[in-house]
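Presented below is the structure to which this report refers.
We did not get these values from a lab; they are worked out from the coordinates using the rules stated. Everything numeric here is computed off the predicted structure, so don't read it as measured data. Every residue, glycine among them, receives a Cβ derived from its backbone with ideal geometry; neighbour counts consider all protein chains shown.
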Amino acid sequence: MKDLDAFRRWLAGINDLMNAMSVLNWDARVTMPPGGGETRARQLGTLAEVIRERFSSDTTHRLLDAAEKEVATLPDDAYKVRELRQAREALGVLARVPPELSAELVRLGSVAQPIWAEAKANKDFVRFAPSLEKMVSLTRELAEAIGYDAHPYDALLKQYEPGMTAAGLNTLFTELRGSLLPLLKRIQGSPARAPTHIFDQTFPKALQRAFALNIAEQFGFDPNRGRVDESHHPFEISFTRNDVRMTTRYNERYLPGAIFGLFHETGHALYEQNVDPSLTRTVLATDLLGMYAVGGTSFGLHESQSRLWENMVGRSLTFWQNHFGALQATFPDQLSGVDAETFYHAVNDVKPSLIRVEADEVTYNLHIMLRTELELGLMDGTIAVRELPEVWNAKMQDYLGLTPPDDSAGVLQDIHWSHGHIGTFPTYTLGNVMAAQFLEAAKAQVPGLTASLKAADYAPLREWLTENLYRHGRAYTAAELLRRSTGGTLDAGPFTSYLNDKYEALYPER
Ligand code: ZN
């Protein structure tokens, strides 16, 4: 297939440029001195322009036309068909979105972010509102340009969670809320309390790192094709499957932060490290709409893996029965007199709180629903930016029974809207829901999987995930991967059963 090969060589160069951008991004977030910010933004802007020009060039169109003829008779689910189709769709979107609009969104993102930070520091939403109004109006323009059938939010979801819609989210969230609110009520009525006082001590950073990294490698993280650094906001980013970076943040006065933070990023890293090598530098390891080199197929699917390894494996009783001994040997003074069961409850404390990133597994999704409902309203015009603090606080009271003392602990807490990333919040909850579906399917399909987890052998689970999800890169959508691996569609059932079983045991009724 010489035309397909020619297209792939051309695309590989574009993927290389995107990976170079990712290296510059990683550096900006991990090692760059603050003074480098302005020139770094220019470097990234120039590279983004070069990539966009290359990808939308006549050369791409000519090579793609020829390659499409070569694969015309192949079956629909062949990788070759899928990579060309994705390239064709991305070219279509690119042609519909005016370059000035994309540039304006990027520019506004860099201007709005420090304004948001200042507004947050001063607990002053009014200061951020004009920037957010501009951001919402540009994002609505973007949605119109991308195109949608039912709701402008659908256009945004195409970028982050292809196949998902506002209507689909509404159905899922209504069902979830129907289970989460009664569970939370029951937990709050239980006399049980998580023994979180055991964290009220100093846990030296180097020892936290050693423990967490050892577990990451037991999960299957390959340090020969990745590394771990520190950053204020933990993240994972890959420069192909052969160089996958994770970061975490250590707080010597709060042990769970770095440990579970690293388990979370390890889930993302396992996905990237296990994409099939044949997909490296192809469309199927490239987000052509986001102009970003990544192997995972969607935000939600990526998040399903971080949450599966962090929460469903790493926060399980089985896990701590296996590994608490090693943690105790790492911190003999701090953890003397504590047992695995006590520690397990301490890391699964459920308590409504104001801040999303500090939320537990049960209340987390209520934080996401609140944000998603606000975003839907902003996009269809039923909520105005100036009403946000009021709507936020009312929903916070409805879902969690709390009212923020100020907007810094309320509507201003997340960075997302200042970047212009409207449409990403729901993918966190989609990740939780899909993670439970995948784990349930793996347990049903792999004989002895539960026993292997009990023996701290993570290979069978990782291999099932690799076979069913990771290796395919971006060849299939999340919905297709669900159907292929579980035989079903998106379903809140396994996630709500998982939460009910786990937390009814931790929080018995009085
Ligand atoms: Zn994540």
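Percent of Cα pairs in the range 2-151 per distance bin of 10 Å, from zero to the largest separation: 9, 27, 31, 21, 9, 2, 0.
If you take the Cα centroid of the range 401-450 and the Cα centroid of the range 194-259, the two points sit 20 Å apart. In the structure shown, the pairs LYS123/LYS185; LYS454/LYS502; LYS443/LYS502; LYS123/LYS158; LYS123/LYS502; LYS185/LYS443 are assessed against 26 Å; a Cα-Cα span above that value is assigned to LYS123/LYS185; LYS123/LYS158; LYS123/LYS502; LYS185/LYS443. Packing order of peptides 321-334, 407-420, highest average first: 407-420, 321-334 (average count of other Cβ atoms within 10 Å over each peptide's residues). Bridge orientation summary for the range 215-373: considering DSSP beta bridges with both residues in this region, about 45 percent are antiparallel.
To the nearest 10 degrees, how steep is helix 58-71 against the longest Cα principal axis of the chain, on a 0 to 90 scale? Roughly 80 degrees between the two axes. In summary, the range 395-490 shows an alpha-carbon radius of gyration equal to 1.49 times the 2.2 N^0.38 Å reference for compact globular proteins.
With an 8 Å cut-off on Cα pairs and a minimum separation of 6 or more residues, tell me the relative contact order of the range 1-146 in percent. Before the final figure, lay out each step's value.
Values: 76 pairs, mean separation 32.9, N = 146.
For the range 1-146, the relative contact order is 23 percent.
For the chain, the relative contact order comes to 21 percent (Cα pairs under 8 Å, sequence separation of at least 6). Straight-line reach from LYS120: which lysines have a Cα under 25 Å away, not including same-chain ones fewer than 8 places off? Within the straight-line cut-off, LYS120 pairs with LYS134, LYS351, LYS395.
Once the Cα atoms are used to define both axes, helix 205-219 deviates from the longest principal axis of the chain by about 70 degrees.
Is the shape of the range 295-446 best called rounded, prolate or oblate, per the rule: a/c under 1.5 gives rounded, else a/b larger than b/c gives prolate, else oblate, with a ≥ b ≥ c the square roots of the Cα gyration tensor eigenvalues? Please list the in-between numbers first.
Values: a/c = 2.70, a/b = 1.59, b/c = 1.70.
Since a/c reaches 1.5 but b/c is at least a/b, the shape of the range 295-446 is classed as oblate.
Going from the residue with the fewest nearby Cβ atoms within 10 Å to the one with the most, HIS151, HIS367, HIS197 rank HIS197, HIS151, HIS367.
Remark: the chain is approximated by an ellipsoid whose semi-axes, taken from the C-alpha gyration tensor as √(5λ), come to 36, 28, 23 Å, largest first.
Just check the range 232-384 against the gyration tensor rule for me: Cα atoms, a ≥ b ≥ c as the square roots of the eigenvalues, rounded for a/c under 1.5, and otherwise prolate or oblate depending on whether a/b exceeds b/c. Note, shape of the range 232-384 comes out oblate.
Would you mind estimating how fast the range 287-329 diffuses translationally, via Stokes-Einstein at 10 °C and 1.306 mPa s with the Kirkwood radius over Cα pairs, in µm²/s?
127 µm²/s
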